[in-house]
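Report on the structure given below.
The values are calculated or read from the model by the stated rules, or taken from the named source; none is laboratory data. This one's a predicted model, so the numbers in the text were calculated from it and none came from an experiment. Because the Cβ atoms are built from the backbone with ideal geometry, glycine has one as well, and the counts that use them run over all protein chains shown.
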Amino acid sequence: MSRVRPPYGEHPVVLPPGAAAPAPEHPRLDLDTRLAIFRTQQEIRLLEKRLYDLFLQNLVKGTSHLAIGMEAVGAAFGVAVRPDDYSFATYRGHGHTIARGVPPEPIIAEMLGRATGLLGGKGGSMHLTSVRHGMMGSYAIIGAHLCIANGAAWSAKVRGTDQVAVAFFGDGATNIGAFHEAVNFAAVYELPTIFVCENNLYMEYTSIAQVTAVDHPAADRAAAYGLDGVVVDGNDADAVFVAACAAIDRARAGGGPSIIEATTYRHGGHSRADPGTYRPAEEVAAWKEYDPLALYHRRLLDLGVEEARLAAIVHEVVEAIDAATEAAIAAPPPAPEALLTNVWADGGSAWRN
Amino acid sequence: MSRVRPPYGEHPVVLPPGAAAPAPEHPRLDLDTRLAIFRTQQEIRLLEKRLYDLFLQNLVKGTSHLAIGMEAVGAAFGVAVRPDDYSFATYRGHGHTIARGVPPEPIIAEMLGRATGLLGGKGGSMHLTSVRHGMMGSYAIIGAHLCIANGAAWSAKVRGTDQVAVAFFGDGATNIGAFHEAVNFAAVYELPTIFVCENNLYMEYTSIAQVTAVDHPAADRAAAYGLDGVVVDGNDADAVFVAACAAIDRARAGGGPSIIEATTYRHGGHSRADPGTYRPAEEVAAWKEYDPLALYHRRLLDLGVEEARLAAIVHEVVEAIDAATEAAIAAPPPAPEALLTNVWADGGSAWRN
Amino acid sequence: MAELSYREAVARGIAQEMRRDPTVVFLGEDVAGAGGVFKTTAGLLDEFGPDRVVDTPISEQAILGALMGAAMTGLRPIAEIMFSDFFAVCWDLVANEIAKSRYMTDGQVSLPLVIKSGNGGGVRFGAQHSQSVENWAMAIPGIKVATPSCAADMVGLMAAAVRDPDPVLIFEHKALYATKQDVPDGEIVDRLGTARILRPGRHCTILALGLMVPRALAAAEALAADGIDAEVIDVRSLVPLDARTILDSVGRTARLFTVEENPRLCGWGAELASIVAEDAFWDLDGPVVRITTPHIPLPSAAELEDLAIPSTERIAGEIRRAMG
Amino acid sequence: MAELSYREAVARGIAQEMRRDPTVVFLGEDVAGAGGVFKTTAGLLDEFGPDRVVDTPISEQAILGALMGAAMTGLRPIAEIMFSDFFAVCWDLVANEIAKSRYMTDGQVSLPLVIKSGNGGGVRFGAQHSQSVENWAMAIPGIKVATPSCAADMVGLMAAAVRDPDPVLIFEHKALYATKQDVPDGEIVDRLGTARILRPGRHCTILALGLMVPRALAAAEALAADGIDAEVIDVRSLVPLDARTILDSVGRTARLFTVEENPRLCGWGAELASIVAEDAFWDLDGPVVRITTPHIPLPSAAELEDLAIPSTERIAGEIRRAMG
Ligand SMILES: Cc1ncc(C[n+]2csc(CCOP(=O)(O)OP(=O)(O)O)c2C)c(N)n1
Ligand SMILES: Cc1ncc(C[n+]2csc(CCOP(=O)(O)OP(=O)(O)O)c2C)c(N)n1
Ligand SMILES: [Mg+2]
Ligand SMILES: [Mg+2]
């Protein structure tokens, strides 16, 4: 099979915009909202950096997939949704979990495999879930959760609420069958599902351009479902927020699903042990330079917010994460009895009498 | 879930064109070719009618899915491909099998579950295959064979031949994940795969319009894979032939895959026992009127072919089918030993020593 | 009390629960307007309307995904997977998502859902439309599996499945759809996880499921003529498994035969045979014998398919030989 | 003779066959440029080039479909399904197409193809990336299933699989990738369908697979100290199954233990236990005992995962108790 895509390792270098667009305006994008977005991005970045430190200290045993560099998407959506809306993420879902308001301690504890973990140590990094926060799960097999998100959206419709379901997924996920089934299904029944592709240009170690027939793996497919695909600067949280509000408002009003493709980049490798060296150095450097947190910091200063106010927020976040880390490290491992609980609704795992 | 599609049974009545377009011209569409297309359409129609008679006589035990009304697609492709090209069909594959030159006797015998059946009585109606005719199988679970056809196309590429693989599928198949994976895969590797959607407006008992987000379930998805979707009158064999040649020539020359959507209609129900009453009477009547065989007969007369010549072809076909029917009915059932043969390449089915 | 077909029993069980609980919704291909390709959902659209009974595209992953997402957010959805062979196109949703979600989230996620599916052979549909795949499901921790063999059980087990807080797969046997039985009027709710002794006997225990149940019963009658008094148990539920009833029976009869329609390897019969060989070894007076379809795909020709699937004669013959 | 890791053995086996036969091609996600996420295909792209070693989109159905179509038209393709859990997204291709095609076409279609996949737990990947699914494959007639437990077997069984005219699934155990062994130089071709007695013993037979093999061996050493002389057999191949070697062993030892990593129900252990309970019943001196992971999804926390999967201690303990 000879390929039309560029040969491996020579994928087209994709550079970020030189500078962010001017701050977009939107009725809901007031200063409090922007500060919430700022805080959430910091929470994600700092918590994920902490997780990386813990990994280096050999305290995180399983795998983990960080979204450092991609915080703007999760933060903007986290602030844009309503508390009763539903979020569905992939294994790269720490940020989305944090953005729905899940506190850092159970997240860290789960990563460390502690009894106090968000999932009692049973799920691990790839499956963070907090139903009471509307964080309906992190899913580690590509594609399925796009179909599952439709179910939550359908349920909202049947129950007559105006909740929406947001499903986050990677560029690579757009080539699996479940993507196609999910988007068509949502379009046919006009479900309030918002499909958010976090296009970070790479799958694991292979560039999406090599294995995809179109340039925009999600947005260029929208028309196949009668939808308008939207491409947005995924490193500009305000831009994401505006796109999110449009999609959420439409979905709530019964206008059906949307596809949003947010272009972004992960600063590190695919998962914990991957240095990400398959990527052109120039590309990595440019995207690290075009960092969503730096961009947003600058924007808030430009909008007249005082540096001290932002520093105070960062300080609060660091303190919360420090305290959470300490508590998580001190927590015990799961009790042996936990092994056999919660397979069934009766709390147990018996399959025979 | 309330639906945006029309409520069940009230799907938009889709009528055929009032009359066929003028006879298209194409360098390969000479009189011999047209007579071959005429003959093949007759072979398909008459053999399928015979199968239906045999079913009414209770001689066909399993299910069967007839393509009466849809012969133009199979016939045109059967004549357009080269003997070493590959065809992959669905359970509605009798016509495609006949069109690749498989004689009627083993087909009828297979339907009757005879030892002389094309598959020795093991496969049945839904799995007609004749590898030496390039008929690489009929597949009864929606979607898979689109992916499998890619493999034959890939193999041709690796082996350096210029064979192409043609995959036929229904409108309903366009909503399953495998469709999406297959077309992207073919596009990415520029495989010589030709995806031919036989859009007969219905899945089993539900209209495709009810469950699909776009009007042309295949062609409107082509752009999602960087392809140009082609919609063709699937009841006009010449039109299908011209589209087939374009796609085949391009694929042979290394130009990659195509999607062709041929609009057509099945005169009967989905499978043997279905009267097809869920369809508006007006629609059924109009499509029966716009019959591909009648159209082609008229066209050949218009092009100056004598009625007697056409009648002679039909007569030959009938005689061949009569003889085949007799032989198939007279053939014995499979020997009991056949039960345990051909699971493995060694001819047997042993899984232990 | 009125005569009811196994086919009609499916719709009756579902309708009973849809009437009771407005959160019960139904989803599948050709299930609404057409009433299902096996006509097991006839009448549901008319009674419950298009918001609760929904025709879908041919998108099994989307169907089961929607089921799961709806179940975790307050509905009790039911889906049809038309032929159980098609579980293969959406097995990820069943095996990796639906089955594991509660455990992975340590109990946060509840999935009160039902998936019903036409299963089994004997109707000349060939290898891709005739499989018995209940053992695929039994092998996956986190799903319950029931296999009614008659109309009354179908109503009652369907109702129990809908009320159950865990995901349940109901396998309907295609070759049983036309069978009929007198079924009591009014609400019927059965219990998952219960086997049923259909014919008490002293000399051996025969376990069967689905279409094999009537055949095992007929074989037992034939064996009775030879002086072999066989106990026939309809296993009914693979997960949870009524191991007690089975082990007690073997404790009385000292011989076990399983009659399986699925291909030979790793079926439910292997599981039950090995449970007995472990837990009731000292009760056994002879080998545990599995009577199964050979380990082959199912052929389509009538003569071959009939040879493949255990027949009454083969069941009786193998038991006679083993007991001889 | 040189030290080779189990991980390297995968690539060595594949490269050996790609050198020999130009129709051998390789397909998978991140397998070419990156050499595989488990680095089991490192070096193949450099040696054989991008026409024979191909990185694919995340499209497992397309991958296995391409494999099947290529195999039926003159190639001998190999694919990687990265984690065996992902078989669930493409099970239709395996179970309904690849496995059944030869039989359904009465021998017209040959599928000389290999699917290799990272299988098993012990690496804290959680329930969706740790499953042992060799029993899913064993339950499907028409595919061969091999599970090498050491580097030398990996090279040889991979080569045998590539040369085999039938479809073969090779399960690589993820927790064994780093293990090393001296492996002979030059071409190695093993035989599918052969079990291997790794430790002869007189008192009982222990069957194991993959990661359970070293643990069963260690358990046998521990048992030896208690005077229990266990025979350890690496089953290696589930289909075809070397039932002879196993039945002969039980004929000598009179006791059978199976050690399985898969969840308890319907595993290969159930199949083997019931074969023995049927064919060697009169040889047995006591219950057939299956030592398995409980019937639960695998948890991610180290302490819990270690409790779930049979450990050397648990294996030895359960055997000691049963033999006691
Ligand atoms: C069905 C399936 N195939 C393969 C994988 C292995 N895998 C995990 S992440 C990944 C890359 C996904 O890339 P993308 O969708 O772009 O998401 P990103 O990791 O970049 O956020 C792959 C191939 C999987 N988890 N599931
Ligand atoms: C995966 C899968 N789902 C459902 C079916 C059942 N089924 C068989 S044919 C059919 C309708 C297919 O419609 P279409 O693709 O339009 O083809 P047509 O029958 O009209 O030729 C369905 C739903 C199947 N065979 N496979
Ligand atoms: Mg990505
Ligand atoms: Mg159709």
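Of all residues in the range C:83-97, those satisfying the criterion of being touching a helix residue (DSSP H, G or I) at 6+ places or on another chain (Cβ under 7 Å) and either touching a residue at least 40 places away in the same chain (Cβ under 8 Å) or facing another protein chain (nearest Cβ under 7 Å) (or both) are C:Asp85, C:Phe86, C:Phe87, C:Ala88, C:Val89, C:Trp91, C:Asp92, C:Leu93, C:Val94, C:Ala95, C:Asn96, C:Glu97. If you go through the range C:264-298 and pick out every residue that is facing another protein chain (nearest Cβ under 8 Å), under 22 Å from the mean Cα position of the chain (by Cα) and farther than 24 Å from C:Ser237 by Cβ, you end up with 4. In the range B:188-214, how many are more than 12 Å from ligand 4 (Cβ to nearest atom) and surrounded by fewer than 24 Cβ atoms within 10 Å (Cβ to Cβ)? Total satisfying the criteria: 2. Just one residue in the set B:Glu25, B:Glu110, B:Glu43 is acidic (Asp, Glu) and touching a Leu at 6+ places or on another chain (Cβ under 7 Å); that residue is B:Glu110. Residues in the range A:158-172 that are under 18 Å from A:Ala246 (Cα atoms) and facing another protein chain (nearest Cβ under 10 Å) were compared, and the one that is farthest from ligand 4 (Cβ to nearest atom) is A:Gln163. Within the range A:187-200, which residues are near ligand 3 (Cβ under 10 Å from one of its atoms) and either within 12 Å of chain B (Cβ to nearest Cβ) or out of contact with any Phe, Trp or Tyr (no Cβ under 7 Å at 6 or more places or on another chain) (or both)? Within the range A:187-200, A:Asn199 is the sole residue that qualifies. Within the range C:102-116, being buried (at least 24 other Cβ atoms within 10 Å of the Cβ) and either within 7 Å of another protein chain (Cβ to nearest Cβ) or touching a strand residue (DSSP E or B) at 6+ places or on another chain (Cβ under 7 Å) (or both) holds for C:Arg102, C:Tyr103, C:Met104, C:Thr105, C:Leu113, C:Val114, C:Ile115, C:Lys116. For the range B:243-253, the condition of being within 16 Å of ligand 2 (Cβ to nearest atom), touching an Asp or Glu at 6+ places or on another chain (Cβ under 9 Å) and either in a helix (DSSP H, G or I) or modelled with pLDDT of 95 or more (or both) holds for none of the residues.
For the condition within 14 Å of chain A (Cβ to nearest Cβ), in contact (Cβ under 8 Å) with a residue 12 or more places away in the chain and on the phi > 0 side of the Ramachandran plot, C:Gly74 qualifies.
If the requirement is being buried (at least 20 other Cβ atoms within 10 Å of the Cβ), within 14 Å of chain A (Cβ to nearest Cβ), away from ligand 4 (no atom under 16 Å from the Cβ) and not hydroxyl-bearing (Ser, Thr, Tyr), which of these qualifies: B:Ala224, B:Ala237, B:Ala219?
B:Ala224
Counting only strands (runs of 3 or more DSSP E) that sit wholly inside the range C:139-253, those with at least 3 residues that are touching a Cys at 6+ places or on another chain (Cβ under 9 Å), in the same structural domain as C:Asp279 (by TED's automatic domain parsing) and within 23 Å of C:Gly269 (Cβ to Cβ) are C:230-234. Considering each residue of the range A:79-90 in turn, at least one proves to be under 22 Å from A:Arg250 (Cβ atoms), within 16 Å of ligand 3 (Cβ to nearest atom) and touching a Ser or Thr at 6+ places or on another chain (Cβ under 9 Å).
Of all residues in the range A:318-328, at least one satisfies being part of a helix (DSSP H, G or I) and of a type in the set (S, T, N, Q). Within the range D:36-67, the set of residues being within 24 Å of D:Gly156 (Cα to Cα) and within 21 Å of the chain's Cα centre (by Cα) comprises D:Gly36, D:Val37, D:Phe38, D:Lys39, D:Thr40, D:Thr41, D:Ala42, D:Leu64, D:Leu67. Of the numbered criteria (1) out of contact with any strand residue (DSSP E or B) (no Cβ under 9 Å at 6 or more places or on another chain); (2) within 12 Å of another protein chain (Cβ to nearest Cβ); (3) not in a loop (DSSP other than H, G, I, E, B), the one B:Asn58 fails is (3). B:Arg34 passes every criterion in (1) over 14 Å from the mean Cα position of the chain (by Cα); (2) without any contact (Cβ under 8 Å) to a residue 60 or more places away in the chain apart from (2).
Quick grid of which residues meet (1) within 14 Å of chain C (Cβ to nearest Cβ); (2) in contact with an Asp or Glu (Cβ under 8 Å, 6 or more places away or on another chain); (3) more than 25 Å from B:Trp287 (Cα to Cα); (4) modelled with pLDDT of 95 or more:
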position	(1), (2), (3), (4)
B:Ala76	no, yes, no, yes
B:Asp84	no, no, yes, yes
B:Ser87	no, no, yes, yes
B:Thr90	yes, no, no, yes
B:Gly101	no, no, yes, yes
B:Ala115	yes, no, yes, yes
B:Leu119	yes, yes, yes, yes
B:Lys122	yes, yes, yes, yes
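Take B:Asn184 and tell me if it is within 14 Å of chain A (Cβ to nearest Cβ), within 19 Å of B:Gly255 (Cα to Cα) and touching a strand residue (DSSP E or B) at 6+ places or on another chain (Cβ under 6 Å). Here the answer is no, as B:Asn184 does not meet what is asked.
In the set D:Gly210, D:Gly251, only one residue is more than 9 Å from chain C (Cβ to nearest Cβ), farther than 17 Å from C:Glu278 by Cβ and free of Cβ contacts under 8 Å to residues at least 40 places away in the same chain; that residue is D:Gly251.
Among the residues of the range B:167-181, is any farther than 14 Å from A:His180 by Cα and either within 16 Å of ligand 1 (Cβ to nearest atom) or of a type in the set (Val, Ile, Thr) (or both)? First the steps, then the outcome.
As a first pass, look at the range B:167-181 and keep what is farther than 14 Å from A:His180 by Cα: B:167-171.
Imposing the further condition that a residue be either within 16 Å of ligand 1 (Cβ to nearest atom) or of a type in the set (Val, Ile, Thr) (or both) reduces the set to none.
Within the range B:167-181 (the criterion being farther than 14 Å from A:His180 by Cα and either within 16 Å of ligand 1 (Cβ to nearest atom) or of a type in the set (Val, Ile, Thr) (or both)), the answer is no, since none of the residues qualifies.
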